[in-house]
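Accompanying notes for the structure given below.
The values are calculated or read from the model by the stated rules, or taken from the named source; none is laboratory data. Predicted, not measured: the structure shown is a model, and the values here were computed from it. Don't worry about glycine lacking a Cβ; one is built from the backbone with ideal geometry, like all the others, and counts go over all protein chains shown.
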Amino acid sequence: MRTAISFIAVSITVFFATVPNARADQIVIGQTSHGGKTSQWICRDGVYTDIGTSAGTALDDDYAVHGSSGSDGIEVIRSNRSITGDCAGSWSALQYGTHYLDVYGDGGNDNVFGGAGNTFSFGGAGNDFVVNYSSIGKAQGDDGSDIVLGLDGSGDVLYGNAGSDCLEDYSGSWLIYNCGPDTDYRANGSSGTSYCENPIACCFC
């Protein structure tokens, strides 16, 4: 398990989004069927990369997936659902096996949705919306005025970092709840929170 807030291991495989005119990406990561193979796939604007084992049943390595300098939508699939857009199709939850997969919005105002397993989700620079769904995951806003939500139910790890952020844990039960520097907002009680100056009814309403 990674412990540093901005940890990147030497051995991970890294994908960067490079698209014309820095237009926003649609990035979907999970299990689906493409080209006749059911596996773990990254779909970036309709371009698929197989990141599964030869049998396709789980990740074949540790991965860090980066967005572009634009405003990206990055989703790690956590349950069966139908996706529209360039990555249209039926997707199911990413199968991690013994590996992890982290997601980075990088520049722009990004929507970053972590998966149900070992995923750390980072907004990067910009005003981002970052969501953690996993008891072993983490959501971090980074620079900008970010909304950081914990939807795991227990054990969420939430960081705002620089900028005027709003943090909210829907279950009211968290492991780390740290708004970071600057003037920030919290949608939960003050007990166990750090550097969250202003109470608010909810961050996303």
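Please indicate, with yes or no, whether at least one residue in region 89-98 is on the phi > 0 side of the Ramachandran plot, in a strand (DSSP E or B) and either crowded, with 24+ Cβ neighbours inside 10 Å or not basic (Lys, Arg) (or both). Give the derivation first.
Step one: filter region 89-98 for residues on the phi > 0 side of the Ramachandran plot, giving 89, 97.
Filter once more, keeping what is in a strand (DSSP E or B): 89.
From what's left, either crowded, with 24+ Cβ neighbours inside 10 Å or not basic (Lys, Arg) (or both): 89.
Yes, region 89-98 has at least one match.
The residue pairs whose first member lies in region 55-73 and is closer than 12 Å to residue 97 by Cβ, whose second member is modelled with pLDDT under 95 and outside any loop (DSSP other than H, G, I, E, B), and whose beta carbons are closer than 6 Å, counting only pairs six or more residues apart or on different chains, are 61/13; 63/13. So which residues in region 117-131 are outside any strand (DSSP E or B) and within 19 Å of residue 176 (Cβ to Cβ), if there are any at all? Residues satisfying the conditions are 117, 118, 119, 123, 128. Among the residues of region 102-120, is there at least one that is under 19 Å from residue 175 (Cβ atoms), surrounded by 24 or more Cβ atoms within 10 Å (Cβ to Cβ) and either aromatic (Phe, Trp, Tyr) or without any contact (Cβ under 8 Å) to a residue 24 or more places away in the chain (or both)? Yes - at least one qualifying residue is present in region 102-120.
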